[in-house]
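Written below as structure tokens is the structure these notes are about.
The values are calculated or read from the model by the stated rules, or taken from the named source; none is laboratory data. Bear in mind that the values here come from a model prediction, so they are computed numbers and not experimental data. Here Cβ is always computed from backbone atoms with ideal geometry, including for glycine, and neighbour counts include all displayed protein chains. Heavy atoms of the whole protein, side chains included, go into the accessibility calculation; ligands, DNA and RNA do not. Shrake-Rupley method; radii C 1.70, N 1.55, O 1.52, S 1.80 Å.
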Amino acid sequence: MYEFDIKSPSKLGKAVRMLRKHEDAQVLGGGQTLIPTLKQRLAAPSVLVSLAKIDKLKGISSDSGTVTVGAGTCHADVAADDTISALSALAGGIGDPAVRNRGTIGGSLANNDPSACYPAAALGLGATIVTSARDIAADDYFQGLFETALDETEIITSVTFPIPDAAAYVKFDQPASRFALVGVFVSRKGSDVRVAVTGASEDGVFRWAGAEEALSANFAPEALDGLTPSGDMIGDIHGSPEYRAHLVGVMAKRAVAAC
Amino acid sequence: MAQVKMTVNGKAVSAPAEGRMLLSTYLREALGMTGTHVGCDTGQCGVCAVHVDGKLVKSCNMFAAEAEGAEVTTVEGMANEDGSLGAIQQAFQDHHGLQCGFCTPGMVMAASALLKVNSKPTEAEVRAHLSGNLCRCTGYHNIVKAIMAASGQDVAVAAE
């Protein structure tokens, strides 16, 4: 790792001011991606601004229609909250127990790894990403591989998920990393159906419009027969683009069946 | 260099640590507590696992500064007060839950974290809980047996 200072402000405003003051400062959430990245010298911030001491960013609350998860809430805590069971199951399937005790939802969404699980939940449930500056609809938030709508000095403070009538997330694990080789999040709320796919596309997480249309007409696995997502799929040593495109259909059917 | 203070195995400690110092480095090099091993140093293998405020974490995937003020437990804190092996450690010995022993500190800390929240886990729960701890010798069966035994369960049928 290159050398850096680590700062742990207890107030959100101070953290934002630190990001503004130090041009190459970086936010540290749970560090489960950032620390390995720093070790590989793929990032060289002069200052790391840890959010761990900002208590306001932690915790889960819900009202009749929504669940709000503080950005600094770790995966294990989301896994233990069963308000949206598909969301807790997704959080409980990220990485391993030690990773789930450190990694945070805000960190995952800010990083927007194309194979991460949380982006599928945010997009698949139509969440709102609340930041230090504004509210961003999930549909506007994800902008490609590791790209988001966040400004350099903007910090995610919480994520609000509408409670669906039914939802499920099914992923095909990459067995070594337990990232999604392909993961599909399906939700239904009234007549609104959402299908979000992670791990598959060269453009990162996406809504599969063809599947949403088919499921809106008939919310059953067989409605997806013969459908394949369009667009460029990821091809690597773990799976070819064709294999991933096929898996998207299989995972989506399983998710619908589990709803 | 900032002075980082925490409690390790019930004892208050303090040592200088630059920002990039990992908790694993702090334990091993600043405190000389080499029971916590470093295997892959990339957050994959889990041999560096310790408890921070009661939660299982990989100490190579956390900065020492992030543990400022925390209660840290390492494998050195797993023995009984008289120095004899703790129940989990003893079970690993009794059931041959280690061969080379390199992964054992992480396995013991993972087992202890599990049994704190789930005193009678099923074999499947034990295996799922060990998903972040790699062992290249045992094939895991005897580790699972040891953890089942440490939880007071019959291991005659477990892990067969």
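Numbers at a glance
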{"quantity": "Single condition residue A:42 does not satisfy, out of (1) under 19 Å from residue A:154 (Cβ atoms); (2) open to solvent by 20 Å² or more (accessible area, probe 1.4 Å); (3) among the aliphatic types (A, V, I, L, M)", "calculated": "(1)"}
{"quantity": "Answer from A:89, A:98 - the residue that is within 14 Å of another protein chain (Cβ to nearest Cβ), more than 13 Å from the chain's Cα centre (by Cα) and surrounded by fewer than 22 Cβ atoms within 10 Å (Cβ to Cβ)", "calculated": "A:89"}
{"quantity": "Among the candidates A:34, A:48, residue that is over 22 Å from residue B:45 (Cβ atoms) and either β-branched (Val, Ile, Thr) or buried (at least 21 other Cβ atoms within 10 Å of the Cβ) (or both)", "calculated": "A:48"}
{"quantity": "Scan of the range B:56-70 for residues that are facing chain A (nearest Cβ under 7 Å) and not aromatic (Phe, Trp, Tyr), ordered by number", "calculated": "B:56, B:57, B:58, B:61, B:62, B:65, B:66"}
{"quantity": "Selection count where residues are assigned to a strand (DSSP E or B) and either modelled with pLDDT of 95 or more or β-branched (Val, Ile, Thr) (or both), scope the range A:155-179", "calculated": "14"}
{"quantity": "Cross-chain or 6+ apart pairs with Cβ under 8 Å, the range B:2-21 first and more than 13 Å from every other protein chain (Cβ to nearest Cβ), then in a loop (DSSP other than H, G, I, E, B) and open to solvent by less than 30 Å² (accessible area, probe 1.4 Å)", "calculated": "B:6/B:70; B:7/B:70; B:8/B:74; B:9/B:74"}
{"quantity": "Out of A:71, A:79, A:25, sole residue that is in contact with a helix residue (DSSP H, G or I) (Cβ under 8 Å, 6 or more places away or on another chain), of a type outside the set (D, E, K, R) and farther than 20 Å from residue A:133 by Cβ", "calculated": "A:79"}
{"quantity": "Subset tally (residues that are within 14 Å of chain B (Cβ to nearest Cβ) and either part of a strand (DSSP E or B) or of a type in the set (S, T, N, Q) (or both)) for the range A:46-74", "calculated": "7"}
{"quantity": "Selection status of residue A:193, touching a residue at least 60 places away in the same chain (Cβ under 8 Å) and β-branched (Val, Ile, Thr)", "calculated": "no"}
{"quantity": "Residue list for the range B:25-54, restricted to those being crowded, with 18+ Cβ neighbours inside 10 Å, of a type in the set (Gly, Ala, Ser) and in contact with a strand residue (DSSP E or B) (Cβ under 8 Å, 6 or more places away or on another chain)", "calculated": "B:43, B:46, B:49"}
{"quantity": "Residue match in the range A:112-128 (condition: β-branched (Val, Ile, Thr) and either under 30 Å from residue B:56 (Cα atoms) or open to solvent by less than 40 Å² (accessible area, probe 1.4 Å) (or both))", "calculated": "no"}
{"quantity": "Conditions (1) among the small types (Gly, Ala, Ser); (2) farther than 17 Å from residue A:32 by Cβ; (3) modelled with pLDDT of 95 or more; number of the one not met by residue B:24", "calculated": "(2)"}
{"quantity": "Options A:77, A:24; residue that is surrounded by fewer than 21 Cβ atoms within 10 Å (Cβ to Cβ) and assigned to a loop (DSSP other than H, G, I, E, B)", "calculated": "A:24"}
{"quantity": "Residue in the range B:96-118 that is of a type in the set (Lys, Arg) and either more than 13 Å from chain A (Cβ to nearest Cβ) or open to solvent by less than 10 Å² (accessible area, probe 1.4 Å) (or both) present", "calculated": "no"}
{"quantity": "Failed condition for residue A:83, given (1) in contact (Cβ under 8 Å) with a residue 12 or more places away in the chain; (2) closer than 29 Å to residue B:54 by Cα; (3) crowded, with 18+ Cβ neighbours inside 10 Å", "calculated": "(3)"}
{"quantity": "Residue B:125 vs. criteria modelled with pLDDT under 95 and over 30 Å from residue B:1 (Cβ atoms)", "calculated": "no"}
{"quantity": "Of all residues making up the range A:27-44, the number that are at negative phi, more than 10 Å from chain B (Cβ to nearest Cβ) and assigned to a loop (DSSP other than H, G, I, E, B)", "calculated": "4"}
{"quantity": "Any chance residue B:112 is in a helix (DSSP H, G or I), of a type in the set (Ser, Thr, Tyr) and within 18 Å of residue A:97 (Cβ to Cβ)", "calculated": "yes"}
{"quantity": "Evaluation of residue A:151 against (1) over 29 Å from residue A:7 (Cβ atoms); (2) touching a strand residue (DSSP E or B) at 6+ places or on another chain (Cβ under 9 Å) (one fails), failing number", "calculated": "(1)"}
{"quantity": "Any hit, the range B:77-91, residues being within 14 Å of chain A (Cβ to nearest Cβ) and within 11 Å of the chain's Cα centre (by Cα)", "calculated": "no"}
{"quantity": "Positions within the range B:55-80 being open to solvent by 40 Å² or more (accessible area, probe 1.4 Å), in contact with a strand residue (DSSP E or B) (Cβ under 7 Å, 6 or more places away or on another chain) and more than 17 Å from residue A:35 (Cβ to Cβ), in sequence order", "calculated": "B:69, B:71, B:73"}
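Residue-wise test of (1) assigned to a loop (DSSP other than H, G, I, E, B); (2) closer than 21 Å to residue A:175 by Cβ.
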site	(1), (2)
A:203	yes, no
A:213	no, no
A:222	no, no
A:255	no, yes
